[in-house]
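The values are calculated or read from the model by the stated rules, or taken from the named source; none is laboratory data. Small disclaimer: the values here were computed from a predicted structure and weren't measured. Note that we place each Cβ from the backbone using ideal geometry, even for glycine, and neighbour counts take in every protein chain shown.
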Amino acid sequence: MAGAVPVIVGAPRLCTVADLAPELEHPDATCLLLVSSRLVQGKEPDLASAVAAARSQGLPVILDGAAQDFRMRQLLATGADLVLVSAQKYLGAPTAGLVMGRAGLVAAVRAQEKGIGRGMKATKEAIASVLAALAEQEELNIAAWAAAQARIVDEFAARAGTLPGLAAWAEPDPTGLPFPRAHLRVDPDRAGMGAPELAMALRAGSPSIWMMDHCAELGELVFELVALRTDEVEAILGRLTALMA
Ligand SMILES: *Cc1c(COP(=O)(O)O)cnc(C)c1O
């Protein structure tokens, strides 16, 4: 919509700062880097080095850190010119977005209130709620919260791992978010179904249980428990137990 032409750098499973370098020689380019635990496969370039490489060519850098609200300060500290974060992910606010960084560029984005951004305008209610969510996150004792999340995921993995045909473990978030996820590996011979079938069965039930199944073909399902209450975690374990019986 802005008239820019995207040039994709690197290969799906590997992108290095050296891959970026030739594309950074275009004086009218902007460097857009994505921070994602799931969309990215293989090895990403080190963010701070990638930002530095672009900045050394005088290019502005935009970090798409949609799910990275816990790491806003860290992402800004890379020297990126703009950092984008979704309000409706871990921040738990209504749908909206935060644009942070250099004042001039933030003002340029803001000018789109009257331009192409108008159709995506956040409501006044959403804006008030995002501010409340930010205030709440400021108050949060992140270390204590992270420890509690780790306990929930460890216990989930320990219990799921006792079920026939399932191995389970906790894995830290690859982007550095302060919580782990539970990974389940399904042994089709012992479980009587593969990971894709287990994912389908969990989704088909009531309540419908959804997980990250981007690695299902490799036998693995990933459960993110961050937003769940204790009874909801129990419901998942109950369904897994029934399906694996
Ligand atoms: C979720 C996500 C988006 C989309 O964000 P919305 O706020 O839903 O538009 C874009 N980029 C990344 C890296 C994401 O994780």
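Given the criterion within 16 Å of the ligand (Cβ to nearest atom), in contact with a Pro (Cβ under 9 Å, 6 or more places away or on another chain) and either outside the structural domain of residue 179 (by TED's automatic domain parsing) or among the hydroxyl-bearing types (Ser, Thr, Tyr) (or both), identify the matching residue among 57, 74, 41.
The unique qualifying residue is 41.
When you look at residue 102, is it touching a Pro at 6+ places or on another chain (Cβ under 9 Å), outside the structural domain of residue 185 (by TED's automatic domain parsing) and more than 16 Å from the ligand (Cβ to nearest atom), yes or no?
yes
Looking at 130, 186, 226, which is the one that is in the same structural domain as residue 72 (by TED's automatic domain parsing) and among the hydrophobic types (A, V, I, L, M, F, W, C)?
Result of the check over 130, 186, 226: 130.
Got a sec? Which of 164, 94 is more than 16 Å from the ligand (Cβ to nearest atom), touching a residue at least 12 places away in the same chain (Cβ under 8 Å), within 30 Å of residue 183 (Cα to Cα) and touching a helix residue (DSSP H, G or I) at 6+ places or on another chain (Cβ under 7 Å)?
Among 164, 94, only 164 is more than 16 Å from the ligand (Cβ to nearest atom), touching a residue at least 12 places away in the same chain (Cβ under 8 Å), within 30 Å of residue 183 (Cα to Cα) and touching a helix residue (DSSP H, G or I) at 6+ places or on another chain (Cβ under 7 Å).
Answer yes or no: is there a residue in region 33-46 that is over 30 Å from residue 227 (Cα atoms) and touching a Leu at 6+ places or on another chain (Cβ under 6 Å).
The answer is no, given that none of the residues of region 33-46 is over 30 Å from residue 227 (Cα atoms) and touching a Leu at 6+ places or on another chain (Cβ under 6 Å).
Looking at residue 2 and the list (1) surrounded by fewer than 19 Cβ atoms within 10 Å (Cβ to Cβ); (2) more than 16 Å from the ligand (Cβ to nearest atom), which single condition is not satisfied?
Only one criterion is unmet by residue 2, namely (2).
Which of the following residues is away from the ligand (no atom under 11 Å from the Cβ) and farther than 30 Å from residue 129 by Cα: 23, 113?
23
Check residue 153 against each of (1) part of a helix (DSSP H, G or I); (2) among the β-branched types (Val, Ile, Thr); (3) outside the structural domain of residue 226 (by TED's automatic domain parsing) and name the one condition it does not meet.
Of everything listed in (1) part of a helix (DSSP H, G or I); (2) among the β-branched types (Val, Ile, Thr); (3) outside the structural domain of residue 226 (by TED's automatic domain parsing), residue 153 misses just condition (3).
Testing residue 62 on (1) of a type in the set (Val, Ile, Thr); (2) away from the ligand (no atom under 13 Å from the Cβ); (3) under 19 Å from residue 7 (Cα atoms), one condition comes back false. Which one is that?
(2)
Can you go through 62, 116 and tell me which one is more than 30 Å from residue 144 (Cβ to Cβ), of a type outside the set (Asp, Glu) and exposed (fewer than 13 other Cβ atoms within 10 Å of the Cβ)?
116 is the lone residue from the list that is more than 30 Å from residue 144 (Cβ to Cβ), of a type outside the set (Asp, Glu) and exposed (fewer than 13 other Cβ atoms within 10 Å of the Cβ).
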